[in-house]
Ligand SMILES: NC(=O)c1ccc[n+]([C@@H]2O[C@H](COP(=O)([O-])OP(=O)(O)OC[C@H]3O[C@@H](n4cnc5c(N)ncnc54)[C@H](OP(=O)(O)O)[C@@H]3O)[C@@H](O)[C@H]2O)c1
């Protein structure tokens, strides 16, 4: 697919665009995802606390976080938008449009606006903001908090400079993938963001089966986590072997693994998973239409 661009994990510091460090970034909404992103930037030293600004609807949460991380807290979102280069819209999708109405006049031409709002097309955001801004839609997932995220984005301008800027900014949090808004972005949302939930569901089945076979909950949990982690790490670090080859390496003909795999195929596990992915895509579409 020629519409997808991937940036490598954790760029070397020397490759990091030093222009980035001079940019001021402001978050409207300082909840879970904003805090995850800010922590990632501060830990990787890609931006300093003096260049990170945030506002939040209820002050308590922001105050506590800002004191701890020494980030800037302007007195209003309008004031913040006027002094930053990049605005990150980090509130829940249902709060987004009414909030933009309140500070829409503060945006300036060519400012970069990054929206984290799930199910909210870029056209809706561009229409709500009354200035010719550059908009990017970003879909991070929760493993971004441990720098193992999959972070998808698309832009309304598709200019190289904006793409590189977003990749430099977000690669400290994981794998950054550019795609077009539409089918590929939906698939990325479902596989990476909802996908974390799907994997947890599978892990719960795994743990429960172990518990039914005599392991206590804690041990069963640990065994499950290590099995998923071990398989993922092995796949990540076996750069010469693809997933099919790794599978072949653990499967001897007519052996134990083969018996389990045959049963998975007979029961059409793949069909069940694909069906669930498609259902999640349909829900994402429904939510987009209701914005
Ligand atoms: N969490 C994830 O895994 C994840 C993954 C991908 C995308 N996202 C997207 O990221 C966005 C944020 O999600 P989240 O999980 O971080 O939600 P969250 O923890 O609820 O944070 C949202 C924050 O926005 C604040 N807020 C609401 N309206 C505001 C306004 N008008 N001005 C300033 N602040 C305002 C809320 O303030 P209060 O303290 O008053 O509620 C809250 O702290 C959502 O659009 C979501 O779709 C999240």
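Brief remarks follow.
- Expressed to the nearest 5 percent, the antiparallel share of DSSP beta bridges inside the chain is 25 percent.
- Centre-to-centre, using Cα atoms only, the stretch 72-130 and the stretch 145-174 are separated by 18 Å.
- The calculated FRET efficiency for residue 261 paired with residue 282, based on their beta-carbon distance and R0 = 35 Å, is about 0.75.
- On full extension, the segment bounded by residue 98 and residue 146 gains 14.1 nm, given 0.36 nm per residue less the C-alpha separation.
- Counting every other Cβ atom within 10 Å of each residue's Cβ, 167, 266, 101 order from fewest to most as 266, 101, 167.
- Calculated FRET value between residue 160 and residue 232, using beta carbons and R₀ = 25 Å, to 0.05: 0.20
- Label-point separation, residue 212 to residue 180 (7 Å along Cα→Cβ), nm: 4.5
- Contour minus Cα-Cα distance for residue 223 and residue 127 (0.36 nm per residue): 29.6 nm
- Sequence-distant contacts, meaning Cα pairs under 8 Å at least 6 residues apart, place the relative contact order of the stretch 189-289 at 26 percent.
- Ordering 215, 65, 185, 200 by the number of other Cβ atoms within 10 Å of each residue's own Cβ, fewest first, gives 200, 215, 65, 185.
- Taking the chain and dividing mean pair separation by its residue count, relative contact order in percent (alpha carbons under 8 Å, at least six apart): 17
- Length available on full extension from residue 57 to residue 19: 0.36 nm per residue minus the Cα-Cα distance, which gives 10.6 nm.
Read the figures in this text as sums done on the coordinates, not as results from a lab. Here the structure is a predicted model, which means the values were calculated and not measured. Every residue, glycine among them, receives a Cβ derived from its backbone with ideal geometry; neighbour counts consider all protein chains shown.
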